[in-house]
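Notes for the one structure printed next.
Just so you know, all these numbers are worked out from the coordinates, no wet-lab data involved. Keep in mind that this is a model prediction, so the values were computed, not measured. Note that each Cβ is placed from the backbone with ideal geometry, even for glycine, and that neighbours are counted across all protein chains shown.
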2 protein chains.
Amino acid sequence: MVDVFRLLAEPSRRQLLDALRNGERSVNELVGATHMSQPSVSKQLRILRVSGMVSLRASGRQHLYSVRGRSLREASEWLSYYEHFWQEGLSRMDKALQREPKPGTRRKP
Amino acid sequence: MVDVFRLLAEPSRRQLLDALRNGERSVNELVGATHMSQPSVSKQLRILRVSGMVSLRASGRQHLYSVRGRSLREASEWLSYYEHFWQEGLSRMDKALQREPKPGTRRKP
DNA sequence: CATTTGCATATCCAATGGGATATATGTCTA
DNA sequence: TAGACATATATCCCATTGGATATGCAAATG
């Protein structure tokens with residue numbers, strides 16, 4: 001798998017993804033959303049794009065980027081193997097306050 | 001938040017966490033599970049421990065490590081904000097409607 | 001005791017990679 | 001077409017860091 005966690009390790013890249021959470025954004029908008037120079041933003045966007053984490057659509061001279069879910073899903077799936085480390089071991093009260101458990105998350109009979 | 005993704009970015013650390021998924025393990029067991037030297041394993045374990053991602057229990061001269069869910073949960077929660085990018089049932093129209101115009105996006109000064 | 005075992009720490013080294021500046025490429029507009 | 005605008009690429013710099021080797025230290029072993 002493409003090393004998703006390495007991509008997410010960089011705060012600047014997470015900032016970019018955060019700025020893309022509500023839909024596609026142009027490079028200039030992303031420069032405004034972060035505190036980076038435009039070339040740095042383009043550099044990180046390129047890394048995200050080559051890794052398949054964002055996609056690009058040209059509109060005039062603007063390049064509109066948007067999030068692609070696939071890579072992020074892989075990360076989420078990897079983490080799901082550890083869910084029981086924060087689902088179990090909680091008190092009954094804590095468990096009650098948790099969100100509804102996923103179907104496959106029951107303890108073994 | 002402790003930079004969870006930076007911790008997970010290192011494959012060797014993910015290997016260690018993988019080896020801890022079924023319960024606590026001694027350092028020697030972890031050395032066997034990875035292909036690293038013992039000092040390297042200890043080094044990465046220390047990083048994970050200081051960050052609160054694993055905990056340590058001494059048993060004789062053995063040090064038994066185990067996963068602590070809290071940090072991993074934070075990562076999972078961060079990713080949950082992107083779930084809709086890989087949830088099915090999101091039509092192209094829905095995606096187009098996600099783009100909300102930002103107030104400060106003007107064309108000319 | 002001395003020795004072995006299990007693990008931690010110290011230190012060095014080379015590679016990685018993020019950010020900035022300068023510049024190139026492409027597109028719109030007057 | 002000139003020039004402004006939007007973005008990409010090139011290049012340099014240097015702080016970070018993973019891994020190895022050598023060593024320190026505590027607990028078991030006899």
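Details
- Label-to-label distances for B:S12 across copies, nearest first, come out at 2.6 nm, using points 7 Å from Cα in the beta-carbon direction.
- Shortest-first nm distances, A:H35 label point to equivalent points in other copies (7 Å, Cα→Cβ): 4.1
- Sorted shortest first, the separations between the A:A58 label point and its copies elsewhere in the assembly read 6.5 nm; each point sits 7 Å from Cα along the Cα-to-Cβ line.
- Between A:R46 and A:Q62, the simple label model (points 7 Å from Cα in the Cβ direction) yields a spacing of 2.3 nm.
- Note on A:D18 and A:H84: the extension gain reaches 21.1 nm, defined as 0.36 nm multiplied by sequence separation minus the Cα-Cα distance.
- Of the trypsin sites (Lys or Arg not before Pro) found in the range B:20-85, those that fall in a DSSP loop while having at most 13 other beta-carbon atoms within 10 Å are B:R21, B:R61.
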